[in-house]
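*Asks:* Just dropping this structure here.
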Amino acid sequence: MISTVGDACGNIALTWWILDVTGSPGSVSTVLASAMVVQTMVTPLLGPLGDRFSRRRLILGSDLLRGLMMAGLAMLALSEAFSIPAVIAVYIPFAIGSALFNSNQMSIVPELVQADVLQRAVRMSESLQAIGRVFGGIVAGLLVTWVGVGSAFVVDAVSFALAALATAAILERWRSGEATESGRSSSEATFFRQLRGGFHVIHRVPILFWLCVAITFFNLVLNPMFVLIPTYAKLTKGMPAWFLGGLESSMGAGIVLGAVAVGALEQWLKKVSSVVIGLLLLGGGIALLPHAPGVIAPMGAMFCVGIGAAWTNIPISSRVSVAVPDNFRSRVNSIISFLSDGTAPIGVAAAGVLVATIGVTASMTSLGALVLLLVPVLFLIHGFADFFRRTPADLVGYFLTTYPEAFGATGATIGPGPERVGRKDDFQK
């Protein structure tokens, strides 16, 4: 939650700083797209690390790296030494740290809690992060408006240091898939074998493969919002930074409500997944945002976007995390991130082109409407309804038992302890 407060400060400060100095959405696209290209490329390469080494230590390293890079941005801003090449040079290592963190953040959760409470744990995690976004948006808006962007970068750097302390306090549990000292000598061959194994799993598990394809298209449509929302706040609405912070906080508040309500929603829904309802809210909120008058109405639209994001992300994250065996989890999650976020640089780069050709309002309306049009595609995925009707507790080891051929002859771990290790024939027996 602490680092999420910092993330809001850093993200708002970065986009506002670039727009303030250059006045160009294209410059924002250049910086963000450059970092996203690198992050997308390294994400699948970092995934196998979490299946062989301590996920806690990898997350700790990512916190320290990102804290140092954010301190570098703070120094540039405080010394008024803005240049796009310098910002990119600092922001790319930050993106690599984010790739390392993202590969392991969801993989570590099933190590820490039992399967029957996993969705509650994911819901609590999403809620805490959303609360961080609420406070982060407020803090960032106030700092950037009345103190300066440099102060917001400093807050972000400090938040990573505090997050590193919290990460260091996690009690580790031994995992059967974790590398031993004697096993690290052949690490290079094992690394690439595990990486290929992760791609093999996704290719051989149909629900996982087609879910990745669908998410890829949704992300391609949604990623321009990284540029469009700050541009809408500063250039279209002509508002100060506190308005952008308010939009961020409103989305965070929506995620909190969505996380609290998703359990009751899934119990109430019988034939339609909450993922579908979430995407409809998300697309509708984005389409209406640029047409909302005043200050309160746009924040209401972002509140709906937040609810939709929670109702989409929580069911997917909690179910996929337990359905994948433990010693495949990090690499599979990282490859899913690679496949789903691989279009992020394209989407962000396209934002500048969209603004230049059809404007901010038409761009946001069109993208929101396109999300709504893509929702029916989910019903074409074989097994989609059945998979999301099951609870996370029912899905423990689901992919291994349903598609054993996807995991080959290697052992797969359902849980973190050695007593839960098994081969394909063990589970068939």
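The values are calculated or read from the model by the stated rules, or taken from the named source; none is laboratory data. Since we're looking at a predicted model, the values are computed, not measured. All Cβ positions, even for glycine, are placed from backbone atoms using ideal geometry, and neighbour counts span all protein chains on display. With ligands, DNA and RNA removed, areas are computed over all heavy atoms of the protein, side chains included. Shrake-Rupley method; radii C 1.70, N 1.55, O 1.52, S 1.80 Å.
*Asks:* Go through 242, 339, 398 and say which Cα lies farthest out towards the positive end of the charge dipole of the chain; charges sit on Cβ, +1 for Lys and Arg, -1 for Asp and Glu.
*Replies:* Value: 398.
*Asks:* Going by average Cβ density within 10 Å per residue, which order do the peptides 305-315, 355-365, 76-86 take, highest to lowest?
*Replies:* 305-315, 355-365, 76-86
*Asks:* While we're here: About its Cα centre, how strong a charge dipole does the range 190-275 have in debye, to the nearest 20, once Lys and Arg get +1 and Asp and Glu get -1 at the Cβ?
*Replies:* 300 debye
*Asks:* What do you get for the angle between helix 241-268 and the principal long axis of the chain? Use alpha-carbon atoms, 0 to 90 degrees, nearest ten.
*Replies:* The helix 241-268 is inclined about 30 degrees to the chain.
*Asks:* Output the 0 to 90 degree angle, nearest 10, between the alpha-carbon long axis of helix 118-146 and the longest principal axis computed from the alpha carbons of the chain.
*Replies:* Once rounded, the angle reads 20 degrees.
*Asks:* Let me ask another. Is the range 11-74 rounded, prolate or oblate when judged by the Cα gyration tensor, a ≥ b ≥ c being the square roots of its eigenvalues, rounded requiring a/c under 1.5 and prolate requiring a/b larger than b/c?
*Replies:* It comes out oblate by the Cα gyration axes.
*Asks:* Which angle from 0 to 90°, rounded to the nearest 10, does the C-alpha axis of helix 206-222 make with the longest principal axis of the chain?
*Replies:* Taking the Cα atoms of the chain, the angle to 206-222 is about 10 degrees.
*Asks:* To the nearest 20 Debye, how big is the dipole of the range 43-91 about its Cα centre, given +1 on the beta carbon of each Lys and Arg and -1 on that of each Asp and Glu?
*Replies:* 320 debye
*Asks:* Now for a different question. Once the dipole of the chain is set up with Lys and Arg at +1 and Asp and Glu at -1 on Cβ about the Cα centre, which of 10, 95, 53 lies farthest towards its positive end?
*Replies:* Towards the positive end, the residue furthest out is 53.
*Asks:* Let me ask you something else. Residue farthest toward the positive end of the dipole of the range 270-402, with Cβ of Lys/Arg at +1 and Asp/Glu at -1: which of 388, 291, 328?
*Replies:* My answer, from the dipole projection, is 388.
*Asks:* For the chain, what is the accessible area per residue in Å² when the probe is 1.4 Å?
*Replies:* In whole numbers, the chain has 41 Å² accessible per residue.
*Asks:* Oh, and also: Give me the percent relative contact order of the chain, please, defined on Cα pairs under 8 angstrom at least 6 residues apart.
*Replies:* After rounding, I find 27 percent.
*Asks:* Can you pull the percent of the range 355-399's accessible area that's carbon plus sulfur, 1.4 Å probe, other chains left in place?
*Replies:* C and S atoms contribute 67 percent here.
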